[in-house]
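Have a look at the structure below, then the notes.
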Amino acid sequence: MADFRVRVSTGKAFGAGTWDKVSVSIVGTQEESPPLPLDNLGKEFTAGAEEDFQVTLPKDVGQVLLLRVHKAPPALPLLGPLAPDAWFCRWFQLTPPRGGPLLFPCYQWLEGAGSLVLQEGTAKVSRADHHPLLQQQRQEELQARQEMYQWKAYNPGWPHCLDKRTVKDLDLNIKYSTAKNANFYLQAGSAFAEMKIKGLLDRKGLWRSLNEMKRIFNFRKTPAAEHAFEHWQEDAFFASQFLNGLNPVLIRRCHYLPKNFPVTDAMVASVLGPGTSLQAELEKGSLFLVDHGILSGIHTNVINGKPQFSAAPMTLLYQSPGCGPLLPLAIQLSQSPGPHSPIFLPTDDEWDWLLAKTWVRNAEFSFHEALTHLLHSHLLPEAFTLATLRQLPHCHPLFKSTGIGIEGFSELIQRNMKQLNYSLLCLPEDIRTRGVEDIPGYYYRDDGMQIWGIPSSLETREALVQYVTMVIFNCSAKHAAVSAGQFDACAWMPNLPPSMQLPPPTSKGLATREGFIATLPPVNATCDVILALWLLSKEPGDRRPLGTYPDEHFTEEAPRRSIAAFQSHLAQISGAIQERNRGLVLPYTYLDPPLIENSVSI
């Protein structure tokens, strides 16, 4: 006979407690105990409770290896067993008659009746499981995970994803919390009602004027959105958005002009100034290119019964000497030069040049939403997450360190998947490949490189460290950089139009204010997109900023010290970012660590 003390911690979230009966079996090197009820007088396992139980083993089981948790609904006289409910267990602590306490992290929802096997919390790879029972348990857990989390192809050419039909089919452990889900729908409902009251959601016609658009601009304004409204027509602001806007991943240094972008010295002399030339600036490395060629010939949508249009522009930019701003030099709205694809310049008529820049911004919207955001920051992280769930047991160290129209989106994703490579997902290599290491005022690069800096001093594990860093960065900081500013960029719709109702111009001198407005999306489509991007930019509660780990999976001192060091480093980065931002007209806040979620969360 041996007496053990069992301490149990229940989560604090809404609905975390249970009325079900819980028992444990202690699995040792010699044998497994029968189920031992955890039963005190009164109600057990209420939300937020930590409770102690005394259990007596009829026989010595030897050295403790595993803890098997059983959960079943209570039986009431005459009524029989109640329907089982869910329980969120944080951890079990087992104190044997001799020796120190053993912690068994859980941090899972247990739905219905059934059993769950937990290992003691020391992180271990498979070769460290010396006992056959531990090896068997690891294999059984992986098999169960692979049955629960199965792959499917959502669309041809897309990354594979979880094989579930609807959100309702998801396991509780990978769903939004009840509080977060409720908050999300409350926010959506209030925003929808506001738009409905203004009579904008049902209007299918054109905007009457730019002034009328201000009616929707007053919807939940932010300082960054107001800055966009005030400066959207300026060349310097247009160019700056390639560095610190919604899609800061496409600009690259230009060492030679593409053959299908025949810009001449005469075209750009007014911006470059005297005493220089295109070739001289190319050799100096002061010219940059943004190429939306992947949009060429893409399938377009139909809105309100009217076909929409798309362009595949190329934009040449110039970094002026010293601390001067980045400026646009030339824009071509197709990949095929010729008399019907003119090169637009800052010296052109005001509306010609503004319309050309707006077509580029529309291309930015399509590229960003389909590729930078949906593919790189949601679909690929889902694949990483699903692989983790299927291949790493709960005790594995990596598990502990760890969310155009549809045809056009699908086509873009298929094209980009063929081009996608590992280097593009690794920020330092991506920055080097695009040749933008030294372009000034590139805060996405500066802040991102600081956050990327997870040490990789273990030479034999360098590739693994880089891969895990890539996954963590893309699921946290990269997603924040390309998601949190969506509403800021689109609240003033002409700055980032989601669709265009007229085809790209094929000649100069014809653009007018009225034609510009007629090209922009209709009222209801504008409101639909702004509503959606407001919701996607706003975290619906239950936040877990980068570096915070409420689920305490780590029991050893070494990883706890690493976590503390990481948190201290993030605090230093945050202080430096906030100090820099105090001197900026438009602060860059998207990569300030307290504002970055630990993972894709919306």
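Which entries of Lys180/Lys221; Lys221/Lys357; Lys43/Lys71; Lys306/Lys538; Lys478/Lys538 show an alpha-carbon separation above 20 angstrom in the structure shown? In this structure, Lys180/Lys221; Lys221/Lys357; Lys306/Lys538 exceed 20 Å between Cα atoms.
For Lys152, a cut-off of 16 angstrom between C-alpha atoms picks up these aspartates and glutamates, skipping any fewer than 8 places away in its own chain: Asp163, Asp169, Glu382.
At a 1.4 Å probe radius, which order do His131, His368 fall into by accessible area, largest first? The partial results should precede the final answer.
On the way: His131 50, His368 0 Å².
Solvent-accessible surface, decreasing: His131, His368.
With all pairs of different C-alpha atoms in the average, the Kirkwood value for the hydrodynamic radius of segment 287-387 is 15.5 Å. For the chain, the equivalent ellipsoid built from the Cα gyration tensor has semi-axes of 54, 27, 20 Å, listed from largest to smallest. Reducing segment 245-319 and segment 460-488 to their Cα centroids gives an inter-centroid distance of 27 Å.
The aspartates and glutamates within cross-link reach of Lys198, meaning a Cα-to-Cα straight distance under 18 Å and a gap of 8 or more places when in the same chain, are Glu212, Asp528.
Taking the Kirkwood radius as Rh and the Cα radius of gyration as Rg, segment 107-211 has a ratio of Rg/Rh equal to 1.21.
Projecting the Cα atoms of Phe242, Met267, Cys254 onto the charge dipole of segment 221-278 (Cβ charges, centred on the Cα centre) puts Cys254 farthest toward the positive pole.
Rolling a 1.4 Å probe across the protein heavy atoms gives the chain an accessible surface of 46 Å² per residue. Only aspartates and glutamates eight or more places from Lys59 in sequence, or on another chain, were considered; those with a Cα closer than 16 Å are Asp3, Glu31, Glu32. Evaluated at q = 0.10 Å⁻¹, a Debye calculation over the C-alpha positions of segment 172-298 (equal weights, vacuum) places log10 I(q)/I(0) at -0.63.
Measuring between their Cα centroids, segment 132-162 and segment 1-55 lie 29 Å from each other.
What is the distance in Å between the Cα centroid of segment 220-237 and that of segment 320-351? Between the Cα centres of segment 220-237 and segment 320-351 lies a distance of 21 Å. Among the protein heavy atoms, those of Asp265 account for about 80 Å² of accessible surface (1.4 Å probe, every chain in place).
Assign unit charges at the C-beta atoms only (+1 for Lys and Arg, -1 for Asp and Glu), then state the dipole size of the chain relative to its Cα centre in Debye, rounded to the nearest 20.
On the way: 54 positive and 60 negative charges, 138 e Å.
Once rounded to the nearest 20, the dipole reads 660 debye.
Could you work out what % of the accessible surface of the chain is carbon and sulfur, using a 1.4 angstrom probe and leaving DNA, RNA and ligands out of the count? Carbon plus sulfur share of accessible area: 57 percent.
Sorted largest first, the principal axis extents computed over the alpha-carbon atoms of segment 254-335 equal 53, 26, 19 Å. In this structure Tyr443 has an accessible area near 50 Å², from a 1.4 Å probe over the protein heavy atoms.
When nucleic acids and ligands are ignored and a 1.4 Å probe is applied, Thr555 ends up with an accessible area of around 40 Å².
The values are calculated or read from the model by the stated rules, or taken from the named source; none is laboratory data. Predicted, not measured: the structure shown is a model, and the values here were computed from it. Here Cβ is always computed from backbone atoms with ideal geometry, including for glycine, and neighbour counts include all displayed protein chains. SASA here: full protein model, heavy atoms, side chains in, ligands and nucleic acids out. Shrake-Rupley method; radii C 1.70, N 1.55, O 1.52, S 1.80 Å.
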